[in-house]
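The values are calculated or read from the model by the stated rules, or taken from the named source; none is laboratory data. It should be emphasised that the depicted structure is a prediction, and the values quoted were computed from it without experimental measurement. Ideal geometry is used to build each Cβ from the backbone, glycine not excepted, and the neighbour counts take in all protein chains shown.
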């Protein structure tokens, strides 16, 4: 079947063909005819199966080739990254028309978005918070909206956007075309659909013979030690056929630490997380999409906006919170009918959480195999060349190691024993060595150790350390730094 056979206008078909999009996916083939008729739709399909064009093409075609100025359609999405991606897809599909699309989201200045609205944009793709903000300032009017779309509705529910969505529906006409799309359909989403939709048709574009996970994704689960994960990841990134790779971390700090570690090991990596401003996040995503950087490290908040067809591997640095998050994470690979590999690391403390995910998804991997960077099955499972190490050949030595060598192997910055200089040591340096410990532990302000002969209080503390650890001259004993934190 082709888009032309679905009664999509020739100018839209030509725009899609220019990007190599020739045939519709199952969810598109089922939803487009109904959407063209103005039927309210609940579309349910696994992530990466083309839901955007499933609602986008009917939306664009129903507006006409030369639509009147003013907001006629609103697409609400949960995250900034997804907002940008959906807007780009709609711009592509409408490139042969005068239809104007604007993306409205937080983290960007108001001026450019307001100017686009004043210029007569007909389609608005927005996150709920920024859209409500503009509406409250009367910088956008939703009184002429003909089509309302909720994309990734379950994620909006998880992020607490339900009250905002209700406020937005209160500002649009009661008679409208409404479409709701999501990968999962929990009870509150069904209740939302009943409140704001008129006799919707529920479409499930899943293969009845397929499990809850995508059949074109190979799932590999390892019970791994936190101090060995970086080395394991370094070896996986050198697997045969490995292309663009997404690594998910639980926290922003873990993402920032891991991108620094991988860059140090010679891998081109960028990160997307909440501590970056919007411009930094957009630059990182652009570098990943264009292939300038082939490794993206992200937290869950960015997962719904990573819509890149040629991602070959997804690595879960830690276990997701639940099976829905697992599906959304691994759904970044195996998109557009391609195959993918999903690797998940399970810490000892998270084994119970993984068992719940395994049971919900019926994966049959309740007891992950214990795996280290030296485990033979790691190489065979992931097609890693024998003898591969976790650092790219020719990668420079870590900066920490270089600085230690320059100072004669000591951690201190003084020129020698008794130099009288102050020495700074952080808690992470004492416990994690080169930073391979748990990146998510709370940090403390660097502690300054005074030189000998200072106040009596610090001197007493040094004497107590000597009695307990056995190390002389106020230096920490080998035993005091040997224990590594666990995740």
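Overview of values
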| item | result |
| --- | --- |
| Count of segment 90-112 residues which are surrounded by 22 or more Cβ atoms within 10 Å (Cβ to Cβ) and assigned to a helix (DSSP H, G or I) | 2 |
| Qualifying residue in segment 33-49 (condition: assigned by TED's automatic domain parsing to the domain that holds residue 144, part of a helix (DSSP H, G or I) and touching a strand residue (DSSP E or B) at 6+ places or on another chain (Cβ under 9 Å)) | yes |
| Scope segment 337-362; condition surrounded by fewer than 18 Cβ atoms within 10 Å (Cβ to Cβ), under 23 Å from the mean Cα position of the chain (by Cα) and in a loop (DSSP other than H, G, I, E, B); matching residues | 338, 339 |
| Test set (1) touching a residue at least 40 places away in the same chain (Cβ under 8 Å); (2) within 23 Å of residue 365 (Cα to Cα) - residue 278 fails condition number | (2) |
| Among the residues listed as 150, 117, 142, the single one being assigned to a strand (DSSP E or B) and touching a strand residue (DSSP E or B) at 6+ places or on another chain (Cβ under 7 Å) | 150 |
| Residues that are surrounded by fewer than 24 Cβ atoms within 10 Å (Cβ to Cβ) and not in a helix (DSSP H, G or I), drawn from segment 58-75 | 64, 65, 66, 67, 68, 69, 70, 71, 72 |
| Those residues of segment 284-297 which are closer than 16 Å to residue 83 by Cα and in contact (Cβ under 8 Å) with a residue 12 or more places away in the chain, in sequence order | 284, 285, 289 |
